Amino acid sequence: MDNICERIKCTGCSACFNICSKHAIRMLEDQHGFVYPQIDSTLCIDCGLCKKICPANNPVKLVYPTTCYAAAVADQNEHATCASGGLATELSKIIINRNGAVYGCSGNDIRNVHHIRVEKHIDLHLLKGSKYVQSHIGSTYQAVKNDLELGRMVLFVGTPCQVAGLHGYLFHKEFKNLITVDLVCHGVPSQKMLNDNIQYYCSSDETVEVAFRRKVTSVAGREASEHIEYGWFYKTSHMKNYCGVKPSKDAYMSGFLNMLIFRESCYNCRYACIARCGDFTLADFWGLGQDAGFANGRGVSAVLINTEKAIELWKSASLNCKYAERDTTEALKGNGRLQTPSKMPRNYRRFMSMYPHKDFKTAVFSCMNREKYKQRIHYLKMFLKG
Ligand SMILES: Cc1cc2nc3c(=O)[nH]c(=O)nc-3n(C[C@H](O)[C@H](O)[C@H](O)COP(=O)(O)OP(=O)(O)OC[C@H]3O[C@@H](n4cnc5c(N)ncnc54)[C@H](O)[C@@H]3O)c2cc1C
Ligand code: SF4
Ligand code: SF4
Ligand code: SF4
């Protein structure tokens with residue numbers, strides 16, 4: 001076995017790594033830090049399983065949502081500490097209450113963001129918040145299968161390509177006790193890029209926490225309002241409080257928000273559409289109408305209910321959240337990644353050829369500046385043309 005799938009289609013989902021019983025596959029970082037499978041031909045017996053289950057080689061079952069809700073958890077402290085409306089945390093609680101296990105992405109060690117298993121309420125904080133980097137799957141799918149076969153309920157939360165990876169690994173077998181949640185996804189930078197950026201703020205032996213968005217309250221006169229702010233928010237062991245850096249001043253957030261630093265597969269993502277691969281889909285409900293009755297400065301989740309299992313869970317659970325049914329097109333309109341993949345910027349190839357030969361910050365800002373410069377020239381020409 002040489003290649004499992006075309007390199008530009010490989011999402012790094014790690015389904016192939018999980019399926020290979022001969023341990024012939026290792027997920028190795030390329031020069032930009034993105035992981036790709038590498039096969040050890042001395043161990044491979046050419047059984048073809050990795051190729052057979054790889055989502056990039058096969059049709060993936062995508063379904064249209066049946067219902068759409070705007071939702072936010074009721075507990076204000078909980079809401080403040082979640083990425084958006086907190087529905088991933090709420091669904092996780094329901095599964096734990098049913099003696100189940102939850103699999104999701106932990107940024108507790110931000111230099112090694114990866115999927116973990118949680119089965120206690122007290123550990124759910126480890127999964128909260130959006131980590132804007134590719135989460136390492138490791139042998140998570142094997143652990144999920146183990147739980148499923150023991151009859152435990154399982155909730156798996158991840159990017160759509162990770163949910164598709166899990167389905168592929170399970171040979172698309174229907175498990176009644178498995179619930180999947182796919183997050184609407186913009187694209188992912190690599191862990192190496194994130195670690196390179198961390199180095200600009202602290203030494204490699206210092207512990208550091210990083211967040212990419214936070215909920216802030218601003219007061220103007222007697223009016224207090226809340227909103228979600230994007231940026232590079234970090235706190236080392238020597239600091240009392242988080243320090244915030246504007247996206248335009250931070251290389252990682254500039255690169256992320258300008259779609260410059262994603263894995264190549266993200267620009268042709270087959271999951272960036274309204275048909276979904278998870279039982280539930282969660283997104284930020286941008287563009288939610290005021291008539292929905294949410295003060296959405298703190299973040300409201302768009303919850304898409306895609307399958308019978310999701311309908312059943314939503315109906316049977318006593319949800320500790322406020323929710324209102326909305327038209328799916330409302331969520332679709334406000335959210336580009338429910339329509340098309342992120343667009344590859346003109347300077348993507350230039351950035352990738354510069355990094356890592358030039359340091360991360362230099363590579364990002366020189367590509368961004370060139371882009372801005374070209375745009376300015378374009379506008380100037382338009383202006384001069386009259
Ligand atoms: C890389 C990335 C890009 C995104 N792009 C968009 C977008 O373009 N449009 C949009 O509407 N929403 C996007 N989201 C989703 C959004 O930011 C929220 O994560 C989502 O709405 C869930 O919010 P919540 O309050 O329910 O999450 P919380 O209750 O705070 O829980 C967070 C959940 O997200 C999971 N998670 C966090 N980081 C990752 C990761 N790196 N990989 C896999 N799972 C992760 C955790 O496992 C956890 O279950 C993106 C998320 C990520 C991670
Ligand atoms: S299974 Fe996933 S990681 Fe493996 S080759 Fe296919 S897309 Fe890449
Ligand atoms: S062909 Fe079989 S043995 Fe070889 S890498 Fe793929 S799964 Fe492993
Ligand atoms: S954009 Fe698509 S391919 Fe990229 S991480 Fe998100 S779901 Fe996976």
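The values are calculated or read from the model by the stated rules, or taken from the named source; none is laboratory data. The structure presented is a predicted model; accordingly, all values stated were derived computationally and were not measured. Every residue, glycine as well, gets a Cβ built from its backbone with ideal geometry; the counts of neighbours run over all protein chains shown.
Condition check ((1) buried (at least 24 other Cβ atoms within 10 Å of the Cβ); (2) closer than 22 Å to F262 by Cα; (3) basic (K, R)) across all residues:
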| position | (1), (2), (3) |
| --- | --- |
| L124 | no, no, no |
| S130 | no, yes, no |
| Q134 | yes, yes, no |
| V157 | yes, yes, no |
| Y169 | yes, no, no |
| Q199 | no, yes, no |
| S204 | no, no, no |
| K215 | no, no, yes |
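If a residue has to be within 16 Å of ligand 1 (Cβ to nearest atom), surrounded by 19 or more Cβ atoms within 10 Å (Cβ to Cβ) and not acidic (D, E) to count, how many in the stretch 47-79 make the cut?
Taking the stretch 47-79 as the starting set, the residues that turn out to be within 16 Å of ligand 1 (Cβ to nearest atom) are 55, 65, 68-79.
Still in the list and also surrounded by 19 or more Cβ atoms within 10 Å (Cβ to Cβ): 55, 65, 68-73, 78-79.
Right, trim to not acidic (D, E) and you get 55, 65, 68-73, 79.
Of the residues in that region, 9 qualify.
Is it true that some residue in the stretch 4-24 is touching a strand residue (DSSP E or B) at 6+ places or on another chain (Cβ under 8 Å), surrounded by fewer than 17 Cβ atoms within 10 Å (Cβ to Cβ), within 27 Å of I261 (Cα to Cα) and of a type in the set (A, V, I, L, M, F, W, C)? Before you say what the answer is, go through the steps one by one.
Restricting attention to the stretch 4-24, the residues satisfying the condition of being touching a strand residue (DSSP E or B) at 6+ places or on another chain (Cβ under 8 Å) are 4, 7, 10, 12, 14, 16-17, 24.
Remaining after also requiring surrounded by fewer than 17 Cβ atoms within 10 Å (Cβ to Cβ): 7.
Then drop every residue that is not within 27 Å of I261 (Cα to Cα), which leaves 7.
Cutting the leftovers down to of a type in the set (A, V, I, L, M, F, W, C) gives us none.
Checked the stretch 4-24: no residue is touching a strand residue (DSSP E or B) at 6+ places or on another chain (Cβ under 8 Å), surrounded by fewer than 17 Cβ atoms within 10 Å (Cβ to Cβ), within 27 Å of I261 (Cα to Cα) and of a type in the set (A, V, I, L, M, F, W, C).
Are any residues in the stretch 138-165 away from ligand 3 (no atom under 16 Å from the Cβ) and under 15 Å from the mean Cα position of the chain (by Cα), and if so, which ones?
Applying the first criterion (away from ligand 3 (no atom under 16 Å from the Cβ)) to the stretch 138-165 yields 138, 140, 143-144, 146-164.
F156, V157, G158, T159, P160, C161, Q162, V163, A164, listed by residue number.
Every residue, every condition in (1) out of contact with any Lys or Arg (no Cβ under 7 Å at 6 or more places or on another chain); (2) within 11 Å of ligand 2 (Cβ to nearest atom), yes or no:
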| residue | (1), (2) |
| --- | --- |
| G12 | no, yes |
| A24 | yes, no |
| M27 | yes, yes |
| Q31 | yes, no |
| S41 | yes, no |
| L49 | yes, yes |
| A56 | no, yes |
| K61 | yes, no |
| T66 | yes, no |
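I'm checking my understanding of the structure. Among residues of the stretch 34-46 that are touching a strand residue (DSSP E or B) at 6+ places or on another chain (Cβ under 8 Å) and crowded, with 21+ Cβ neighbours inside 10 Å, which one is nearest to Q134 (Cα to Cα)?
Here the residue is V35.
Considering only helices (runs of 4 or more DSSP H) fully contained in the stretch 1-119, which possess at least 3 residues that are closer than 27 Å to I305 by Cβ, assigned by TED's automatic domain parsing to the domain that holds L304 and away from ligand 3 (no atom under 16 Å from the Cβ)?
76-81, 87-97
I'm trying to understand the selection: among the residues of the stretch 344-386, which are aliphatic (A, V, I, L, M) and modelled with pLDDT of 95 or more?
Restricting attention to the stretch 344-386, the residues satisfying the condition of being aliphatic (A, V, I, L, M) are 344, 352, 354, 363-364, 368, 377, 380, 382, 384.
Within the stretch 344-386, M344, M352, M354, A363, V364 meet the criteria.
From L49, L62, L28, L43, grab the single residue that is of a type in the set (A, V, I, L, M, F, W, C) and touching a Ser or Thr at 6+ places or on another chain (Cβ under 9 Å). Spell out the reasoning first.
Values: L62 fails: touching a Ser or Thr at 6+ places or on another chain (Cβ under 9 Å); L28 fails: touching a Ser or Thr at 6+ places or on another chain (Cβ under 9 Å); L43 fails: touching a Ser or Thr at 6+ places or on another chain (Cβ under 9 Å).
So the residue among L49, L62, L28, L43 that is of a type in the set (A, V, I, L, M, F, W, C) and touching a Ser or Thr at 6+ places or on another chain (Cβ under 9 Å) is L49.
Output yes when any residue across the stretch 139-148 is in the same structural domain as L282 (by TED's automatic domain parsing) and in a loop (DSSP other than H, G, I, E, B), and no when none is. Give the derivation first.
Keep residues of the stretch 139-148 that are in the same structural domain as L282 (by TED's automatic domain parsing), which gives 139-148.
Those left that are additionally in a loop (DSSP other than H, G, I, E, B): 139.
Looking through the stretch 139-148, at least one residue is in the same structural domain as L282 (by TED's automatic domain parsing) and in a loop (DSSP other than H, G, I, E, B).
How about the stretch 120-137: which of its residues are part of a loop (DSSP other than H, G, I, E, B) and farther than 15 Å from F156 by Cβ?
Restricting attention to the stretch 120-137, the residues satisfying the condition of being part of a loop (DSSP other than H, G, I, E, B) are 120, 128-135, 137.
Of everything in the stretch 120-137, those that are part of a loop (DSSP other than H, G, I, E, B) and farther than 15 Å from F156 by Cβ turn out to be K120, K128, G129, S130, K131, Y132, V133, Q134.
Look at I137 and say whether it is closer than 19 Å to A15 by Cβ, touching a residue at least 60 places away in the same chain (Cβ under 8 Å) and within 14 Å of ligand 1 (Cβ to nearest atom). Write out each step before concluding.
Details: closer than 19 Å to A15 by Cβ: yes; touching a residue at least 60 places away in the same chain (Cβ under 8 Å): yes; within 14 Å of ligand 1 (Cβ to nearest atom): yes.
The answer is yes for I137.
If I filter the stretch 80-94 down to residues being of a type outside the set (S, T, Y) and surrounded by fewer than 22 Cβ atoms within 10 Å (Cβ to Cβ), which single residue comes out as farthest from ligand 2 (Cβ to nearest atom)? Break it down into steps so the answer makes sense when it comes.
Let us first name the residues in the stretch 80-94 that are of a type outside the set (S, T, Y), namely 80, 82-83, 85-88, 90-91, 93-94.
Among the residues that remain, those that are also surrounded by fewer than 22 Cβ atoms within 10 Å (Cβ to Cβ) are: 80, 93-94.
Values: A80: 35, K93: 30, I94: 29 Å.
Among those that are of a type outside the set (S, T, Y) and surrounded by fewer than 22 Cβ atoms within 10 Å (Cβ to Cβ), it is A80.
From the set of residues in the stretch 290-320 that are in a strand (DSSP E or B) and among the β-branched types (V, I, T), which is nearest to ligand 1 (Cβ to nearest atom)?
V303
Looking only at the stretch 33-40, decide whether some residue is more than 16 Å from ligand 1 (Cβ to nearest atom) and under 19 Å from L170 (Cα atoms).
As a first pass, look at the stretch 33-40 and keep what is more than 16 Å from ligand 1 (Cβ to nearest atom): 36-40.
From what is left, the residues that are under 19 Å from L170 (Cα atoms) are 37.
Taking every residue of the stretch 33-40 in turn, at least one turns out to be more than 16 Å from ligand 1 (Cβ to nearest atom) and under 19 Å from L170 (Cα atoms).
Those residues that are in contact (Cβ under 8 Å) with a residue 60 or more places away in the chain, within 16 Å of ligand 2 (Cβ to nearest atom) and either in the same structural domain as G48 (by TED's automatic domain parsing) or in a loop (DSSP other than H, G, I, E, B) (or both), I need them from the stretch 160-185; list them, please.
Answer for the stretch 160-185, where residues must be in contact (Cβ under 8 Å) with a residue 60 or more places away in the chain, within 16 Å of ligand 2 (Cβ to nearest atom) and either in the same structural domain as G48 (by TED's automatic domain parsing) or in a loop (DSSP other than H, G, I, E, B) (or both): F171, H172, C185.
Name the single residue, out of those in the stretch 1-33 being β-branched (V, I, T) and touching a Cys at 6+ places or on another chain (Cβ under 8 Å), that is nearest to S135 (Cα to Cα). Please lay out each step first, then the result.
So the first thing to find is which residues in the stretch 1-33 are β-branched (V, I, T), and the list is 4, 8, 11, 19, 25.
The next check asks that each one be touching a Cys at 6+ places or on another chain (Cβ under 8 Å); those that pass are 4, 11, 19, 25.
On the way: I4: 21, T11: 11, I19: 19, I25: 18 Å.
Among residues in the stretch 1-33 that are β-branched (V, I, T) and touching a Cys at 6+ places or on another chain (Cβ under 8 Å), the one nearest to S135 (Cα to Cα) is T11.
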